[in-house]
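Peer 1: Structure incoming, see below.
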Amino acid sequence: MKVDDYKLLVTLDEAKTLRKAAEMLYISQPAVSQRLRSIENEWGVQIFVRTKRELYVTGEGERIIEHARHVVEREKRVKDFISANQNGIQGNFSIGVSSLIGHTILPEVLAQYTHLYPNVNISIEVGSSQQLINDSDQYHLTIVRGSRILNKENELLAVDKHYLIMPKSGRKSEDLPVIEFLSDPMYLKQIEQYFESRFQKKYRPQIRVDQIATCRALLLEGVGMTVLPGIIVKGFDKEKFSIEEVHVDNEPITRNTYISYDKNVLQLPQVRAFITLLRTLVAAN
């Protein structure tokens with residue numbers, strides 16, 4: 001089988017329909033259907049059960065698709081290595097990064113990285129840490145907050161303390177709406193414990209947002225109060241805002257940021273160069 005045939009099987013497994021797979025591969029649906037039949041004939045088994053709604057993988061198909069993923073991944077790594085080692089640092093580099101890091105640290109790092117290594121093609125996906133952890137095999141490097149990624153190298157990049165931010169003018173602090181941003185339940189539980197201890201009343205967020213950056217923007221407009229990690233507290237005017245370090249049971253609430261990757265991607269110079277620059281800039285700040 002050709003590598004393109006293995007790529008077709010992987011795409012079909014991800015797309016779940018012939019139509020969507022055809023769109024992803026930029027070929028016609030009949031061509032996809034014909035190639036799939038040819039592949040199944042070559043293996044002598046049915047790989048997918050076709051229905052009007054979607055494709056279902058057979059038991060034999062699961063083993064074949066697992067093999068196909070290994071073939072596709074090995075080819076990608078070989079191509080990346082060859083590209084990276086020709087004429088200095090170049091090639092492709094994919095990063096999955098948490099939304100908070102994407103709004104704070106990443107722009108400065110990329111500004112310097114692209115200046116130093118203009119021949120590297122960079123693909124970036126910004127999302128929640130949980131989403132990135134689930135999709136971590138799609139990236140050369142993942143920067144997540146809170147949890148390490150299983151079966152990856154996890155390097156501690158930073159540890160953030162947290163701060164309660166409230167506007168000094170306007171309503172009394174206990175009357176301000178509480179803003180909560182999307183995060184993992186354990187982390188939010190700590191914030192809940194802090195609020196209930198600090199204000200001696202039930203924690204009831206009135207505004208929920210999916211991004212910390214949105215939370216910060218609302219605060220700057222004097223909309224309410226919230227707890228933010230130290231990495232995003234810079235820029236608040238202490239004349240206008242009260243900034244109070246957050247503790248639960250006399251211990252500060254902290255949040256770890258990790259760089260996560262497969263050990264073998266360190267063979268790629270573009271990845272090593274990015275990690276070195278990232279460490280340097282975070283340490284400097």
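The values are calculated or read from the model by the stated rules, or taken from the named source; none is laboratory data. Computed from a predicted model, the values in this text were never measured in an experiment. Virtual Cβ from ideal backbone geometry, glycine too; neighbours counted across all protein chains shown.
Peer 1: Hey, any hits in region 159-181 for a residue that's under 16 Å from the mean Cα position of the chain (by Cα) and either more than 23 Å from ILE253 (Cβ to Cβ) or not β-branched (Val, Ile, Thr) (or both)?
Peer 2: no
Peer 1: Additional query: Please go through region 150-161 and pick out each residue that is surrounded by 15 or more Cβ atoms within 10 Å (Cβ to Cβ) and either part of a loop (DSSP other than H, G, I, E, B) or touching a helix residue (DSSP H, G or I) at 6+ places or on another chain (Cβ under 7 Å) (or both).
Peer 2: The answer is LYS152, GLU153, LEU157, ALA158, ASP160, LYS161.
Peer 1: Further question: Checking the conditions here, which among GLY102, GLY44, GLY91, GLY59 is without any contact (Cβ under 8 Å) to a residue 60 or more places away in the chain, in contact with a strand residue (DSSP E or B) (Cβ under 7 Å, 6 or more places away or on another chain) and not acidic (Asp, Glu)?
Peer 2: GLY102
Peer 1: Return the only residue of ILE231, ILE191 being modelled with pLDDT under 90, assigned by TED's automatic domain parsing to the domain that holds ILE122 and crowded, with 19+ Cβ neighbours inside 10 Å.
Peer 2: None of the other options fit; the residue is ILE231.
Peer 1: Something else now. As an exercise: evaluate SER242 against (1) in contact (Cβ under 8 Å) with a residue 40 or more places away in the chain; (2) surrounded by 19 or more Cβ atoms within 10 Å (Cβ to Cβ) and give the number of the one condition it does not meet.
Peer 2: Every listed condition holds for SER242 apart from (2).
Peer 1: Among the candidates ARG77, ARG69, single out the residue that is over 22 Å from LYS16 (Cβ atoms), touching a residue at least 40 places away in the same chain (Cβ under 8 Å) and not assigned by TED's automatic domain parsing to the domain that holds VAL271.
Peer 2: Only one candidate passes the filter, namely ARG77.
Peer 1: Residues being over 20 Å from LYS76 (Cα atoms), buried (at least 17 other Cβ atoms within 10 Å of the Cβ) and of a type outside the set (A, V, I, L, M): count how many of those fall in region 1-42.
Peer 2: Number satisfying all stated conditions: 4.
Peer 1: Taking the residues in region 123-149 that are of a type outside the set (A, V, I, L, M), assigned to a strand (DSSP E or B) and in contact (Cβ under 8 Å) with a residue 40 or more places away in the chain as candidates, determine which candidate is nearest to ILE212 (Cα to Cα).
Peer 2: ARG145
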